[in-house]
Amino acid sequence: MAKLELINLNKTFNPKVIPVKDISLTVNDGEFLSLLGPSGCGKSTILRMIAGLETPTRGKVLIGDRDVTHLPPGDRNAAMVFQSYALYPHMNVHDNLAAGLKLKKIPAGEISDRIQSVSRILGLDPLLQRKPGQLSGGQRQRVAVGRALVRDSDVFLLDEPLSNLDALLREHVRAELKQIFDAQQAPVVYVTHDQTEALTLSTKVAVLNNGLLQQLDTPDRIYTHPANQFVAGFVGSPQMNLLQVPCQGTMAIVGDYKVRLANLPSTPPEVVLGIRPEHVRLAKPSDAHVLKGKVFLVENLGMFKLVSIHVKNGEKEPIVLRSLLPPDQDWHQQELELALPLESIHWFDIKTGDSLARP
Amino acid sequence: MSTTAPTHQPTTTKPSRPWLQTLLFWGAIGAIVVFSLAPILWQVLTSFKVNEDIAAIPNIYLPRRITFDHYIELFTRRPFLRYILNSFIVAFISTLACLAIGTPAAYALARLRPPGGKLIQLGILLITLFPSILLLQGLLEIIQATHLANNYLALIVPYTAMNLPLTILVMRSFFVQLPRDLEDAAKIDGYSTWQMLVHILTPLTLPALVTTGILTFIAAWNEFIFALTFITEETMKTIPVASAQIGGASVFEIPYGPIAAATVVGTIPLVILVLLFQQQIVQGLTAGAVKG
């Protein structure tokens, strides 16, 4: 019913706002889109433009095919959850939920019906008469979500709603949010710098950097098929190994070793080799692409050990390669043989950073 | 012992410390109380003394005979109720006007960022440094030209103007420290800027409103020189002027009793006001607006 569409959205010329260069994307009904990017990439600015808190310099915002670019926030029927929750401190929870509805002149009976159903979903019933100051962080967060839900909006906007919660609660609320918004029809736009949140919650992820869209895709494909070096480096933890290596014929030269290049239209003089640490494994005798290196750092992550090795590189600085190894895999010597499975290697253009074909 | 975790320091010198601290603390409080309240206490005592006791040498500190004559004289032989009413009207309207004009101005300066806002702020600060007595001559001319003499407006307008800078500066700093997300949330809920100011921001700034309001009220209530100059009609006079004009039968007689009574009568409304609103200043009203 109410899809959200951004067309060539641009925000510049305002020193107080992080610029957005050119963003076009569509969020359909029932879709959950995450805007993922480092701080300063413009993701919050985009959200604020959708909400109407900022006016775009160029471009359009369409909610349900209605051009709302120049409508005030109150007339857009968009609900927003703020990072700081932004509950009205002088009103109790009930009045916080009711405030927006009263302004819309919705009859009192319907207001109380809606508040009742939302507070049942979120478990707010025992809190309705309390003021925000008397609530815990998690409860305030739920009230903030409730205030958005009760509006019955055409689009939901969430601005890093979990970042003020402690780690344990965050995981819990994240699961709750997923269930709540799965049950909603309206499109959801969720701003975060946390890739776990983006990947777990979303049906679509938009990775942003410097005010530009880097990749818009499903969480799966963002992870398995990063469109460029930035996405590859930003998504995934521990970070992907990104090695700048020269090429010779059909081989990339990684230190003293060679790795077969993917089938490329032409062989560039240099290329960026990307491989996730979890795909680098201990070499078996049958493996073809094996690198040998000295272990210089072992970080125990509990489920895995993150092992960093120095691969010899002639007379030059050794190349650093990181590998995520299961803790039961032991090695005894200081030197380690690691295999790079060809099918897990990503190749990126050295200049543009764009992904080159994968084998 | 109770202040720190157990340590290996010798405990022999420790017990004297809290004792000395307590003594100094209460000594300081006592000194401040005596310093601020002794003159007032003297006035109160004087107002209840009979004339012989007031003039007696050596001083009689505590009145042996209590009389209400001085108070009765204020309200029977002089229209003191009328003076109080005058003062109240002038101070109350000035305060309301000051808050009504100052609050939106402060909000504009804090959030809407008008061009030259910094310059305006500097100008406001400069005005607070300007001694108001220098305005007297000019204001008198204006009041003569506009025929406002012996009109409440002759006092209300200058009092409002004089107290506006302080109101704007205090309210501005309050608005600046209010979380911005709160206003964004209000905008999304559909509040217009004006509705937001009235329904969301004003309740949150109530402590600041009350504080600046009381300051304005006291300043207007106590103002003397404008009130003396612009108001000559007896029934329009304010308390400070009326109190100062209490005179004796001759130049040699100073009616200490009625003057003391007038001082007390003029102060009591302010004390009541402050006590009344102190309860209204709910602290920590903004707690819980954003993350604790």
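The values are calculated or read from the model by the stated rules, or taken from the named source; none is laboratory data. Bear in mind the structure is a predicted one, so any value in this text is a computation, not a measurement. We place every Cβ from the backbone using ideal geometry, glycine too, and count neighbours over all the protein chains shown. These area figures cover heavy atoms from the full protein model, side chains too; ligands, DNA and RNA do not enter into them. Shrake-Rupley method; radii C 1.70, N 1.55, O 1.52, S 1.80 Å.
Odds and ends about this structure:
- For region A:175-199, a residue qualifies if it is open to solvent by less than 60 Å² (accessible area, probe 1.4 Å) and within 18 Å of residue A:119 (Cα to Cα), and the qualifying residues are A:175, A:176, A:177, A:180, A:181, A:184.
A quick yes/no check of all residues on (1) at pLDDT 90 or above; (2) farther than 24 Å from residue A:223 by Cα; (3) in contact with a Lys or Arg (Cβ under 8 Å, 6 or more places away or on another chain):
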{"site": "A:240", "(1), (2), (3)": "yes, no, yes"}
{"site": "A:318", "(1), (2), (3)": "no, yes, yes"}
{"site": "A:322", "(1), (2), (3)": "yes, no, no"}
{"site": "A:328", "(1), (2), (3)": "no, yes, no"}
{"site": "A:335", "(1), (2), (3)": "no, yes, yes"}
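- Options A:313, A:300: the member that is surrounded by 11 or more Cβ atoms within 10 Å (Cβ to Cβ), in contact (Cβ under 8 Å) with a residue 24 or more places away in the chain, polar (S, T, N, Q) and out of contact with any Phe, Trp or Tyr (no Cβ under 7 Å at 6 or more places or on another chain): A:313
- Of the candidates A:159, A:166, the single residue that is in contact with a strand residue (DSSP E or B) (Cβ under 7 Å, 6 or more places away or on another chain) and acidic (Asp, Glu) is A:159.
- Within region A:75-93, the set of residues being more than 8 Å from chain B (Cβ to nearest Cβ), touching a helix residue (DSSP H, G or I) at 6+ places or on another chain (Cβ under 8 Å) and open to solvent by 10 Å² or more (accessible area, probe 1.4 Å) comprises just one member, A:91.
Every residue, every condition in (1) of a type in the set (Ser, Thr, Tyr); (2) closer than 20 Å to residue B:267 by Cβ, yes or no:
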{"position": "B:33", "(1), (2)": "no, yes"}
{"position": "B:39", "(1), (2)": "no, yes"}
{"position": "B:44", "(1), (2)": "no, yes"}
{"position": "B:49", "(1), (2)": "no, yes"}
{"position": "B:56", "(1), (2)": "no, no"}
{"position": "B:60", "(1), (2)": "no, no"}
{"position": "B:66", "(1), (2)": "no, yes"}
{"position": "B:71", "(1), (2)": "yes, yes"}
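- Residue ID - farthest from residue A:161 (Cα to Cα), chosen from residues in region A:98-129 that are within 13 Å of another protein chain (Cβ to nearest Cβ) and open to solvent by 90 Å² or more (accessible area, probe 1.4 Å): A:105
- Failed item, numbered, when residue A:202 is tested on (1) open to solvent by 50 Å² or more (accessible area, probe 1.4 Å); (2) under 30 Å from residue A:39 (Cα atoms); (3) among the hydroxyl-bearing types (Ser, Thr, Tyr); (4) out of contact with any Lys or Arg (no Cβ under 9 Å at 6 or more places or on another chain): (1)
Conditions tested, residue by residue: (1) in a strand (DSSP E or B); (2) in contact (Cβ under 8 Å) with a residue 40 or more places away in the chain; (3) more than 16 Å from residue A:322 (Cα to Cα).
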| residue | (1), (2), (3) |
| --- | --- |
| A:247 | yes, no, yes |
| A:258 | yes, no, yes |
| A:267 | no, no, yes |
| A:274 | yes, yes, no |
| A:278 | no, yes, no |
| A:285 | no, no, yes |
| A:292 | yes, yes, no |
| A:295 | yes, yes, no |
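- The helices (runs of 4 or more DSSP H) found entirely in region B:136-203 that carry 1 or more residues being away from chain A (no Cβ under 14 Å), surrounded by fewer than 19 Cβ atoms within 10 Å (Cβ to Cβ) and aromatic (Phe, Trp, Tyr) are B:152-177.
- Residue match in region A:15-22 (condition: open to solvent by less than 40 Å² (accessible area, probe 1.4 Å) and more than 20 Å from residue A:216 (Cβ to Cβ)): yes
- Which listed residue, of A:111, A:63, A:121, is at pLDDT below 90 and of a type in the set (A, V, I, L, M): A:121
One line per residue, one yes/no per condition, for (1) under 11 Å from the mean Cα position of the chain (by Cα); (2) away from chain B (no Cβ under 14 Å); (3) closer than 16 Å to residue A:139 by Cα:
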site: A:167; (1), (2), (3): no, yes, yes
site: A:186; (1), (2), (3): no, yes, no
site: A:191; (1), (2), (3): yes, no, no
site: A:197; (1), (2), (3): yes, yes, no
site: A:202; (1), (2), (3): yes, yes, no
site: A:210; (1), (2), (3): no, yes, no
site: A:214; (1), (2), (3): no, yes, no
site: A:221; (1), (2), (3): no, yes, no
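- Residues that are surrounded by fewer than 16 Cβ atoms within 10 Å (Cβ to Cβ) and assigned to a strand (DSSP E or B), drawn from region A:316-359: A:320, A:335, A:354
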